[in-house]
1. What number goes with the only condition from (1) more than 14 Å from ligand 2 (Cβ to nearest atom); (2) more than 20 Å from Arg111 (Cα to Cα) that Gly93 does not pass?
2. Within the stretch 59-88, count every residue that is within 16 Å of ligand 2 (Cβ to nearest atom) and either in contact with a helix residue (DSSP H, G or I) (Cβ under 7 Å, 6 or more places away or on another chain) or without any contact (Cβ under 8 Å) to a residue 12 or more places away in the chain (or both).
3. So, in the stretch 5-58, exactly how many residues are touching a residue at least 60 places away in the same chain (Cβ under 8 Å) and either touching a helix residue (DSSP H, G or I) at 6+ places or on another chain (Cβ under 9 Å) or over 21 Å from Leu110 (Cβ atoms) (or both)?
4. Filter the stretch 89-114 for residues that are in contact with a Leu (Cβ under 9 Å, 6 or more places away or on another chain) and not small (Gly, Ala, Ser) and give the result.
5. State all residues of the stretch 40-58 that are within 16 Å of ligand 2 (Cβ to nearest atom) and either at pLDDT below 95 or more than 18 Å from Glu18 (Cα to Cα) (or both); if no residue qualifies, say none.
6. Of all residues being under 19 Å from Ile6 (Cα atoms) and of a type in the set (A, V, I, L, M, F, W, C) in the stretch 63-103, which is surrounded by the most Cβ atoms within 10 Å (Cβ to Cβ)? Just the residue, please.
7. Could you check the stretch 12-57 and list, in sequence order, the residues that are acidic (Asp, Glu) and either more than 26 Å from Gly82 (Cβ to Cβ) or within 14 Å of ligand 1 (Cβ to nearest atom) (or both)?
Amino acid sequence: MPQDCIFCKIIAGEAPAEFVYQDDLVVAFKDIRPAAPVHILIVPRKHIPDLTAITEEDKELLGHIHLVAVKIAKDLGLAERGFRLINNCKEEGGQVIYHLHFHLLGGRQLRLLG
Ligand code: 5GP
Ligand code: ZN
């Protein structure tokens, strides 16, 4: 595990987080600076730096992340009203933490991104 990766530390239990879901492949926890009433980060346990680094072997993992996102959205009462699932990829995509993650945002009307 990369020593300086905060998400690897959270996954290893070496840094705190408010978990809402965990299984063999992924963890999900509350974003430390929420941009909406619900702002959850869905993070694979495997350290993949960014979306461009995925390979054929990650196909199942990526499908699983979507199923987990829908499960969390349903559990939090967002499935009817809707929500947003986003990945920020590299610099121009606004990525800050280089451990692949998806933002699950909801609980208010979200506007178009710029
Ligand atoms: P990115 O821009 O890389 O897609 O998003 C990184 C997200 O991680 C940001 O929304 C930021 O608030 C969140 N974040 C950064 N450090 C921590 C942390 O230590 N704990 C938690 N829970 N969220 C973090
Ligand atoms: Zn990592």
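The values are calculated or read from the model by the stated rules, or taken from the named source; none is laboratory data. Everything quoted here is computed from the prediction, not taken from an experiment. Neighbour counts run over all protein chains shown; Cβ positions are idealised from the backbone, glycine included.
1. Exception for Gly93: condition (2).
2. Number of matching residues: 1.
3. Summing the residues that are touching a residue at least 60 places away in the same chain (Cβ under 8 Å) and either touching a helix residue (DSSP H, G or I) at 6+ places or on another chain (Cβ under 9 Å) or over 21 Å from Leu110 (Cβ atoms) (or both) in the stretch 5-58 gives 9.
4. Selection gives Cys89, Lys90, Gln95, Ile97, Leu100, His101, Phe102, His103, Leu104, Leu105.
5. Lys46, His47, Ile48, Pro49, Asp50, Leu51, Thr52, Ala53, Ile54, Asp58
6. Among residues in the stretch 63-103 that are under 19 Å from Ile6 (Cα atoms) and of a type in the set (A, V, I, L, M, F, W, C), the one surrounded by the most Cβ atoms within 10 Å (Cβ to Cβ) is Leu100.
7. Glu14, Glu18, Asp24, Asp31, Asp50, Glu56, Glu57
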